[in-house]
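The values are calculated or read from the model by the stated rules, or taken from the named source; none is laboratory data. Worth saying up front: this structure is predicted, and the values here are computed from it rather than measured. Here Cβ is always computed from backbone atoms with ideal geometry, including for glycine, and neighbour counts include all displayed protein chains.
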Amino acid sequence: FAVQHEMSGEIAKALGMQPSAAESERMARPPTENLEAYDFYLRAEQTARTGRRDGLREALTLYDKAEQLDPAFAEAFAADASTTVYIWRESFNDIMQSAPARKRAYEKASRALQLDPDLSSPYAILGIMQVVDRRYEEAIASVERAVALGPGDAETQIALGYVQLFAGSHAEAAEAVETALRLDPNLSPVNRQIAGLVFLIQGSNDRAIEALERTRDDAPSVGDFTITLGAAYARAGRLQDARAAVAEGLGAMSTPGFDSLSAYRLNGAQYRNPQDLALIVDALQQAGLPEWPFGFTGDEHNRLKGKEIASLVLGHTLQGQLEPGLQPAFLQIGSDGKAAFRSTTRLVTETVRVDGDLLCELSENMFGRPDCGPVYKRHDDGGGGYSFVNSSKVFHFTVVQ
């Protein structure tokens, strides 16, 4: 334990950073005296840092084991919260739905802070959650408090960069990720992707490509990282490389082909400056990322108007199949818009409404933001019916009740 923390302290000193009193005290003592708990913690950290869905799921189990073996292991609770907030902010609902993920992140971070009031990471985690909620000033205050407690912690600096990126403070975001890279040249792919995004928004395309190529190389099975690299290639005018990266990334997704421009728009709604999100979306569009999941396109001549959608779905049960694989699914909608969506892998309670000529789903997923899309009348060999598409699904259905 001592060697690892001594190295962290020496790196911070070499960069002209004076560790806080709390950091110095933490470096001088082992995080736990239970070696088995520490082993589970290390295994969790290693598997979580890749960003792979199966690795993130496994990491949560390993953190639980470490915490059970040593209920006073503050760093394990803090790392658990950090992994959980990543799952939450990336909307990995196949690992954990948004509401329980948010609750777990708060609870684990709170427990870590209770055990060690001078830990920086709980405040960094709070800042990330606040900026996703678009509470920018509160988020900045939280991460600045985290940095004051742990100026030599690379993950805390990355959190500062993340918050400043979405708050629209590009220079401050770049300074933070540069500091993180100096503190830890071997940042995890999860954190290096943030550095790449900061450089991309700042206009440092070469730096963005360098960071994101390293991210892809360190985690080649994570499609999200390779798709982000595609945006950087597009911004640099390397369109052939951009299209190849996006195609590769879509193929590597946990559900191949699932990502889309609509998902980036919805998941990136926390950008304070709309032009920052537009820059990424435009680059991904050039790189060939489709508008809807699985490359779905509808015939605009068969697109329903708002009044037609409302008459079709409100107060009715929709039965059909989901892409990919045409798994069975049902969407039951009351006349008041209260609804439940069920498939072999999902059960979501939500509210459904019509906004203009779009059908919108509103649930605890996607941070409570409405996920809207068009409805099309189908004319095919299967007997017709309708198709509804948004950032989270392609649903082919008929009205059965």
Legend entry - Selection count where residues are within 34 Å of the chain's Cα centre (by Cα) and either within 16 Å of residue 392 (Cα to Cα) or of a type in the set (Gly, Ala, Ser) (or both), scope region 291-313: 10
Legend entry - Test: residue in region 280-299 that is at pLDDT below 95, among the charged types (D, E, K, R) and surrounded by 15 or more Cβ atoms within 10 Å (Cβ to Cβ): no
Inset, instruction - Could you look through region 355-370, keep only residues that are outside any strand (DSSP E or B) and under 19 Å from the mean Cα position of the chain (by Cα), and pick out the one that is nearest to residue 316 (Cα to Cα)? - result: 363
Inset, instruction - Out of the residues in region 94-109 that are assigned to a helix (DSSP H, G or I) and of a type outside the set (D, E, K, R), state the one that is farthest from residue 255 (Cα to Cα). - result: 109
Inset, instruction - Name every residue in region 249-276 that is farther than 20 Å from residue 395 by Cα, touching a helix residue (DSSP H, G or I) at 6+ places or on another chain (Cβ under 7 Å) and hydrophobic (A, V, I, L, M, F, W, C), in order of residue number. - result: 252
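Within region 199-207, does at least one residue satisfy the condition of being touching a residue at least 40 places away in the same chain (Cβ under 8 Å), of a type outside the set (Lys, Arg), assigned by TED's automatic domain parsing to the domain that holds residue 73 and within 26 Å of residue 233 (Cα to Cα)?
The answer is yes; a qualifying residue exists.
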Legend entry - Breaking point among (1) within 20 Å of residue 157 (Cα to Cα); (2) part of a loop (DSSP other than H, G, I, E, B); (3) of a type in the set (Ser, Thr, Tyr), for residue 91: (1)
Legend entry - Residue, surrounded by the fewest Cβ atoms within 10 Å (Cβ to Cβ), within region 122-141, restricted to residues that are under 17 Å from residue 87 (Cβ atoms) and of a type in the set (Val, Ile, Thr): 132
Inset, instruction - Run down 348, 352 and say which single residue is part of a strand (DSSP E or B) and at pLDDT 95 or above. - result: 352
Legend entry - Which numbered condition residue 398 misses (of (1) touching a residue at least 24 places away in the same chain (Cβ under 8 Å); (2) part of a strand (DSSP E or B); (3) surrounded by 17 or more Cβ atoms within 10 Å (Cβ to Cβ)): (3)
Inset, instruction - Identify, from the list 182, 145, the residue that is within 19 Å of residue 78 (Cα to Cα), surrounded by fewer than 24 Cβ atoms within 10 Å (Cβ to Cβ) and not hydroxyl-bearing (Ser, Thr, Tyr). - result: 145
Legend entry - Sole exception among (1) of a type in the set (Gly, Ala, Ser); (2) part of a loop (DSSP other than H, G, I, E, B); (3) closer than 21 Å to residue 389 by Cα; (4) modelled with pLDDT of 95 or more for residue 237, by number: (3)
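Among the candidates 145, 134, 111, 102, single out the residue that is out of contact with any Pro (no Cβ under 7 Å at 6 or more places or on another chain) and at positive phi.
134
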Inset, instruction - Might you check whether a residue that is assigned by TED's automatic domain parsing to the domain that holds residue 105, more than 20 Å from residue 50 (Cβ to Cβ) and of a type in the set (S, T, N, Q) occurs anywhere in region 181-191? - result: no
